[in-house]
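Notes follow the structure.
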Amino acid sequence: MEEGKISSFQLTRLVMSFMMATGLIFPPLRGVWQDSWLTLLFGLAGGIVFALIYTTLCLRFPGQTLIEIYETVFGPIIGKLFSVAFLWYIFYLGAQASAIFITLLTTTVFTMTPRYVFSITWIIVSVYLCKKGIEVIARVNEPLLLVTVFLIVGTLFLVLNLFDPENFLPLWNISLSELLWAGFGTITFPFGLNIVFGLILPFLQQREQGRSAVIKGLGGAALVLLISLLITVGVLGEVGEIFLFPTYQAFRMIQIGQVLTRLELIPTLNFLTMGFIKGTIALYAVSLGTAQLCKLLTYRPLVFPLGILMLIAAHQSHPNIGVSLEMIERVQPFYALPFQLLLPLLTLLVAVFRRLPVKEGQT
Amino acid sequence: MYEESMVMKKSWIWLCLFLLSGFTSGCWDRKELETLAIVSGIGIDLAQDGENYQVTFQIIRPDAVLGGDGSAGGGGGGSAQKPFWALKAEGETIFAAIRKATFESSRRLFLSHNEVVIINEEVAQKGILPVIDFLIRDAEPRLSQWLLVTPDQAGEVLQIENKLEKIPAAGIALQMQNYFATSKVRAVSLHEFAAQLLEKTTANTVPVITIIETDGEKGLRLERTAVFKEDKLAGYLDQKATRGLLWVLGEVRGGIIVLDLPETGGKVGIEISGATAKISAAVKERPLKLLVEINLEAILGEKTIKQNLVSPEKISFQEKLTEEAINSEVEAALIQARQLGADIFGFGAYLHRHHPKEWKGLQHEWERHFRQLEVAIKAKATILEVGLIKRPAVPFRE
């Protein structure tokens, strides 16, 4: 199925990339622009709790992915049903990520270019990378993550001359219910998305380090997102909230002398780095999961057709950014919760109740 | 066998690379400089029917800008081409007008290098949200462009040549950035304007540019400040009140304060070298009391009388007069703002940020509270320098 092995540090960086990808350019705000740093921390805490649950599950069933675990715990029929729904969810994530990034490119820089140009080139490279296996994905991710953090976050510091701490006042400008709702949303997007790594954890060299690696990755991603959010809010002020891509706007504001200006192409690079990695991980997870679901020997023949389907889904299910916004802000919290929290939790409870996995010699 | 497959593999790679190079060289969104009409200024008027917009674009003529000196020197045949072209187009909306301009222009209008947006008074009275919306929604225009209001036709303003700069719109932008010479103009970028539109209570201010005529030649002058309530023009501040506003905002960077000396009838020019402002509020009291503390550092710039004014007592007397002058400027701004019922100072935003609890009770009737607001001004001026001479140029023993 998958012969490659990745180290725990590589896993950490994969988690970081996956969490940062859309968040960096399209922060989930839900009307709490000024206090988004607070909801980000809230989301991190929730994401860690979610991670604890499924990593416990993965540690309990060493060497099995979530798909296999569901089947072991719930039996072939119910387990497969759950798995199909779960795979659909991951498939949809990949499609959503690519739709958002394509919108970023077509609304900002490439206004005349057809959308398919981006999605087709993107899917070709993604399919190629997926076929190479998780080891190659992890290795490709390393330079791309470095580039993103240093180029995007590093360049963002150039806008600090416009930073105004007054933009954060008043500090607690939201009611508790707003905070809970926005925090809940931030848990499910982006932090809860780390459930995808339930399909990748078995390919870790040191299995017992999986949990700490995922949590470190979440922390790292939260730190980068926090820096970018603080700078964006501080620079743009209240007007930032009306922009689709606030980070992009903050880059447009950069003006150091008459020389360092018009650097707005840099955040769109995020499409080539983090967006690409996110889509590839999602595609890889779906292909691998489907192969395990159907008990295939290898996932590789599935990558290309699933990639094409993902491309079509990206265009069909996200015809415009309004749909993506509605989805992320209103629907996704409830839609994602079963897959991110309820299903792993239920599986864990049933596994404990049924005393699974059966240890050797007990049967 | 092995070698053959390697060769096959290699040739495949070469073929792929070759094909790829064909795909990567092109780009749908390439914008060649010679196919673009670079817009440096946009003027927005109401069309004849009073419904549509008439938009004027000041388009740079690159060859005329470059060859300007040569042709002026040669001066041989024909009239020298202006380095810009003012193109007019009408449309139901701004964007429609921009696209309609291509009926007359051989090149597509390119807005990324636009520097100023000049809005006619009538358009401003109707509300400029439709204008702002396009400018911040579209990918081309930048948020750093300056906004201006004019009582004249904006189209006419963009026709007027600048005496020093080849591109008049760039000249206007530079004119605005010279505000620190007087601090009587408040330059506002699109970003700041949009940001304040989102604040519930703060009224926007935009500089006013008018056409003047000196010695038969037309020119442009910045004067007054237009006050917007929400996105509609509500009235004007004069120059004195504009600096009053800048004092409160802490944006005064320079300028001259002319003091009338009592008794002697002479005048003293105090040069501002820097100022800060700090607002504090007594929120429990009704009517609300605000305190604005202004700290000024200044230089004795000039004087018109024979007496020496450098002695400590004289300097502290001038400091006192300066403080009074600041008070009267801020007072003027307050009076004019109260008349308009427009919170140009952002006092509401200040209360919102620093006293959120009390603000909840105030925000719904902020205009009424603002009119009744008691603002105490505490100016503190310090004269740090007196220039290069220690006494005036009069004989030593008179």
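Straight Cα distances below 19 angstrom link B:Lys218 to the aspartates and glutamates B:Asp152, B:Glu156, B:Glu161, B:Glu165, with same-chain residues fewer than 8 positions distant left out. Seen through its C-alpha gyration tensor, with square-root eigenvalues sorted a ≥ b ≥ c, the range A:10-142 comes out oblate because a/c lies at 1.5 or above while a/b is not bigger than b/c. Surface composition of the range A:19-170: carbon plus sulfur atoms hold 76% of the accessible area, using a 1.4 angstrom probe and ignoring ligands, DNA and RNA.
With 29 Å as the limit on Cα-Cα distance, the pairs of A:Lys216/B:Lys357; B:Lys303/B:Lys380; B:Lys229/B:Lys284; B:Lys163/B:Lys278; B:Lys278/B:Lys320 that go past it are A:Lys216/B:Lys357; B:Lys163/B:Lys278.
Shielding of peptide A:167-174 by partners, expressed as the average count of other chain Cβ atoms within 10 Å per residue Cβ, is 3. Amide H contacts of B:Leu46 (H built 1.01 Å from N, in plane; Pro and chain starts excluded): B:Gln54, B:Val123 sit under 5 Å, all sequence-distant by 5 or more or on other chains. Which shape class, rounded, prolate or oblate, goes with the range B:106-265 when its Cα gyration tensor gives a ≥ b ≥ c as root eigenvalues, a/c under 1.5 marks rounded, and past that a/b bigger than b/c marks prolate? It comes out oblate by the Cα gyration axes. Looking at the protein assembly as shown, the accessible area is 46 square angstrom per residue; that uses a 1.4 Å probe and ignores ligands, DNA and RNA. Screening chain A for DSSP H helices whose Cα atoms reach 24 Å or more along their own axis and whose mean Kyte hydropathy is at least 0.5 gives A:8-25, A:36-60, A:76-108, A:115-132, A:210-236, A:276-293, A:300-317.
Viscosity 0.890 mPa s, temperature 25 °C: Stokes-Einstein D of the protein assembly as shown from its Kirkwood Cα radius, in µm² per second? It comes out at roughly 81 µm²/s. Which distance in Å, rounded to a whole number, links the C-alpha centroids of the range A:245-309 and the range B:300-373? Using only Cα atoms to place each centre, the spacing works out to 53 Å.
The spacing between the range A:153-216 and the range B:246-270, judged by their C-alpha centroids, is 52 Å. Extension gain for A:Ile78 to A:Ile242 (0.36 nm times residue separation, less C-alpha to C-alpha distance): 54.6 nm. Quick one: check the C-alpha center-to-center distance for the range B:129-143 versus the range B:150-218, whole angstrom. So the two Cα centres are separated by 18 Å.
Extending 7 Å from the Cα toward the beta-carbon at both B:Lys284 and A:Val147 defines two label points whose distance is 6.1 nm.
Shape analysis of chain A places it in the prolate category; the axes a ≥ b ≥ c from the Cα gyration tensor give an a/c of at least 1.5, with a/b above b/c.
Secondary-structure-derived ellipticity at 222 nm for the protein assembly as shown, considering helices only, amounts to -15500 deg cm²/dmol, per-run term -39500 (n - 2.57) for DSSP H runs with n ≥ 4. Counting only heavy atoms of the protein chains and using a 1.4 Å probe, B:Ser328 has close to 50 Å² of accessible surface.
Phi angles of the range B:305-321 translate, via the Karplus equation with coefficients 6.51, -1.76, 1.60 and θ = phi - 60°, into HN-Hα couplings of 10, 7, 4, 7, 10, 8, 5, x, 5, 5, 5, 5, 5, 5, 4, 5, 4 Hz per residue; Gly and Pro are given as x.
By DSSP, the beta bridges lying fully in the protein assembly as shown are antiparallel in about 70 percent of cases. Taking 7 Å steps out from each Cα toward its Cβ at A:Glu326 and B:Glu122 produces label points 4.0 nm apart. Placing pseudo-labels 7 Å out from each Cα toward the beta carbon at B:Thr102 and A:Asn161 gives an inter-label distance of 3.7 nm. Scanning residues 5 or more positions from B:Leu220 or on other chains, those with amide H under 5 Å from its amide H are B:Ile212, with H placed 1.01 Å from N in the peptide plane.
The contact residues of the range B:177-196, meaning those that lose at least 40 Å² of 1.4 Å-probe accessible area when all protein chains sit together rather than their chain alone, are B:His191.
For the range B:58-199, take every pair of Cα atoms, bin their distances at 10 Å starting from 0, and report each bin as a whole percent. Percent of pairs per bin, in order: 10, 37, 36, 14, 3, 0.
Pairing chain B with chain A buries about 2100 Å² of accessible area. This figure sums both sides and uses a 1.4 Å probe.
When the solvent-accessible area of the range B:149-234 is split by element, carbon and sulfur atoms take up 47 percent of it, the probe being 1.4 Å. Neighbouring Cβ atoms from other chains, within 10 Å of the Cβ of residues in A:236-244, number 5 on average. Averaged over the residues of A:105-114, the number of partner chain Cβ atoms lying within 10 Å of the residue Cβ comes to 3.
Solvent-accessible surface, computed for protein heavy atoms with a probe of 1.4 Å, shrinks by 30 Å² or more for the following residues of the range B:309-354 when the other protein chains are added to the isolated chain: B:His352, B:Arg353, B:His354. Computing Rg and the Kirkwood Rh from the Cα coordinates of chain B gives a ratio, Rg/Rh, of 1.13.
Please check the range B:134-155 for residues whose accessible area, probe 1.4 Å, is lower by 30 Å² or more when all protein chains are in place than in their chain alone. In the range B:134-155, residues shielded by partner chains: B:Ile136, B:Ala139, B:Arg142, B:Leu143. Per-atom-type breakdown for the range B:306-382 gives carbon and sulfur 54% of the accessible area (1.4 Å probe, protein chains only). Among the listed pairs B:Lys184/B:Lys306; B:Lys88/B:Lys240; B:Lys100/B:Lys232, a Cα-Cα separation exceeding 32 Å is found for B:Lys88/B:Lys240.
The values are calculated or read from the model by the stated rules, or taken from the named source; none is laboratory data. In this text, all values refer to a predicted model and were calculated from it rather than measured experimentally. Every residue, glycine as well, gets a Cβ built from its backbone with ideal geometry; the counts of neighbours run over all protein chains shown. Heavy atoms of the whole protein, side chains included, go into the accessibility calculation; ligands, DNA and RNA do not. Shrake-Rupley method; radii C 1.70, N 1.55, O 1.52, S 1.80 Å.
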